[in-house]
């Protein structure tokens with residue numbers, strides 16, 4: 001009998017620790033995370049990381065998608081500002097009907113189609129909207145653009161007609177949600193499991209599956225060293241850049257497999273055909289939309305230092321768009337003492353504490369996204385700040401002219 005018990009304990013000792021951790025403790029983590037049992041769900045992070053979590057839920061990453069509601073939709077439904085005119089009798093109005101919000105298409109005053117706002121996508125520069133039709137997702141024809149403070153034609157749409165039938169594919173969701181399960185294709189249509197949708201970019205999308213981490217630290221609360229989780233600080237520079245590049249490497253280059261399976265520490269080249277010549281990106285071919293991780297490595301600042309995305313950006317904090325805030329990042333490296341200070345400093349005066357970013361990372365028009373204003377016009381540029389840090393003489397002249405007029 002003793003020998004049998006001894007043999008039993010030997011078998012237990014041979015079972016992998018990760019299995020024991022996943023199975024033995026609940027740790028407050030949900031058991032039905034659609035990504036699998038090794039995921040704990042972001043709510044499980046609150047117990048030990050409440051301050052970080054409470055800060056992160058206010059960021060653009062966390063809020064990059066969510067259920068549509070009067071509180072999350074940025075555009076107005078007031079009667080004097082709820083209509084987008086296409087011309088020739090075509091228009092779309094944003095309407096509240098009962099407890100739901102709709103985009104309604106009209107031709108010469110007659111309704112042609114109405115679909116509900118169900119999902120919001122995007123937060124800072126623009127916001128577009130999706131609706132469900134059975135298990136398929138479609139984009140609504142009108143979006144909201146922050147620069148216009150108004151409704152505008154959704155990106156890539158024909159500005160002369162109302163189109164409610166543009167399907168949403170997985171790639172869009174891979175950068176604006178943490179997970180959704182794709183259903184087997186039927187009749188050449190892509191469908192999704194609604195119940196599997198995880199809105200926004202959650203903790204585990206960046207840090208990887210956390211069930212073992214939660215279970216271990218629940219069992220050993222005095223252990224301060226993070227176990228069974230990936231931290232940003234533990235990564236190499238290349239791994240840090242690749243972790244951000246999953247969603248910030250532009251639209252060129254096909255993904256070889258779903259980026260939902262990418263985890264911190266992975267190599268982007270295993271997931272995506274990179275749009276590089278040799279091993280270096282070509283600045284002239286890089287669009288400013290979503291391509292920060294390719295633009296930054298072309299910068300002398302990047303080449304001559306050890307900087308990465310985290311040098312300037314804290315993903316856990318909702319960083320304002322204040323130019324002065326980011327300028328301080330520049331001035332922490334560039335100074336007279338280091339003999340790498342701005343040569344324009346004497347002319348800029350105190351303005352140098354504010355305008356580094358406008359000179360060296362100016363806003364540029366995207367060639368991929370164009371904004372259609374009411375009336376079918378396409379003359380509103382979609383401006384994004386380039387991450388190719390460089391000298392832009394034309395921008396310097398703009399700043400000097402501005403300083404002169406303001407007597408700064």
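The values are calculated or read from the model by the stated rules, or taken from the named source; none is laboratory data. Since this is a predicted model, take the numbers as computed values, not measurements. All Cβ positions, even for glycine, are placed from backbone atoms using ideal geometry, and neighbour counts span all protein chains on display.
Evaluation of residue 52 against the conditions (1) surrounded by 15 or more Cβ atoms within 10 Å (Cβ to Cβ); (2) closer than 23 Å to residue 176 by Cβ shows that the sole unmet condition is (1).
Mind checking which residues of the range 320-329 are in contact with a helix residue (DSSP H, G or I) (Cβ under 7 Å, 6 or more places away or on another chain) and either touching a residue at least 24 places away in the same chain (Cβ under 8 Å) or more than 12 Å from residue 361 (Cβ to Cβ) (or both)?
First, the residues of the range 320-329 that are in contact with a helix residue (DSSP H, G or I) (Cβ under 7 Å, 6 or more places away or on another chain): 323-324, 326-327, 329.
Within the range 320-329, 323, 324, 326, 327 qualify.
Residues are listed down the side, and each one gets a yes or a no for (1) touching a residue at least 40 places away in the same chain (Cβ under 8 Å); (2) in a loop (DSSP other than H, G, I, E, B); (3) buried (at least 18 other Cβ atoms within 10 Å of the Cβ):
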{"site": "74", "(1), (2), (3)": "yes, yes, no"}
{"site": "81", "(1), (2), (3)": "yes, yes, no"}
{"site": "85", "(1), (2), (3)": "yes, no, no"}
{"site": "129", "(1), (2), (3)": "yes, no, yes"}
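Scanning the range 330-351 for residues that are within 21 Å of residue 394 (Cα to Cα) and in contact (Cβ under 8 Å) with a residue 24 or more places away in the chain yields 330, 344, 347, 348, 349, 350, 351.
With a cut-off of at least 2 residues that are at pLDDT 90 or above and more than 30 Å from residue 89 (Cα to Cα), name the strands (runs of 3 or more DSSP E) lying wholly within the range 149-259.
Values: elements: 150-153, 177-182, 192-199.
Here the list reads 177-182, 192-199.
Evaluating residue 69 against the criteria (1) part of a loop (DSSP other than H, G, I, E, B); (2) assigned by TED's automatic domain parsing to the domain that holds residue 221 leaves one unmet condition, (2). Taking the conditions (1) at pLDDT below 90; (2) in contact with a strand residue (DSSP E or B) (Cβ under 9 Å, 6 or more places away or on another chain) in turn, residue 28 satisfies each one other than (2).
In this structure, does residue 215 turn out to be touching a helix residue (DSSP H, G or I) at 6+ places or on another chain (Cβ under 9 Å) and buried (at least 20 other Cβ atoms within 10 Å of the Cβ)? When the stated conditions are applied, residue 215 passes them.
Just so you know, in the range 324-334 the residues that are closer than 22 Å to residue 248 by Cβ and surrounded by fewer than 16 Cβ atoms within 10 Å (Cβ to Cβ) include one that is farthest from the chain's Cα centre (by Cα), and it is 333. Against the conditions (1) in contact with a helix residue (DSSP H, G or I) (Cβ under 8 Å, 6 or more places away or on another chain); (2) without any contact (Cβ under 8 Å) to a residue 24 or more places away in the chain; (3) exposed (fewer than 13 other Cβ atoms within 10 Å of the Cβ), residue 221 satisfies every one except (1).
Checking the structure you have, find out if any residue of the range 227-246 is touching a helix residue (DSSP H, G or I) at 6+ places or on another chain (Cβ under 9 Å), farther than 30 Å from residue 305 by Cβ and in contact (Cβ under 8 Å) with a residue 24 or more places away in the chain. Yes, the range 227-246 contains at least one residue that is touching a helix residue (DSSP H, G or I) at 6+ places or on another chain (Cβ under 9 Å), farther than 30 Å from residue 305 by Cβ and in contact (Cβ under 8 Å) with a residue 24 or more places away in the chain. Note on the range 247-270: residues that are under 18 Å from the mean Cα position of the chain (by Cα) and closer than 23 Å to residue 305 by Cα total 4.
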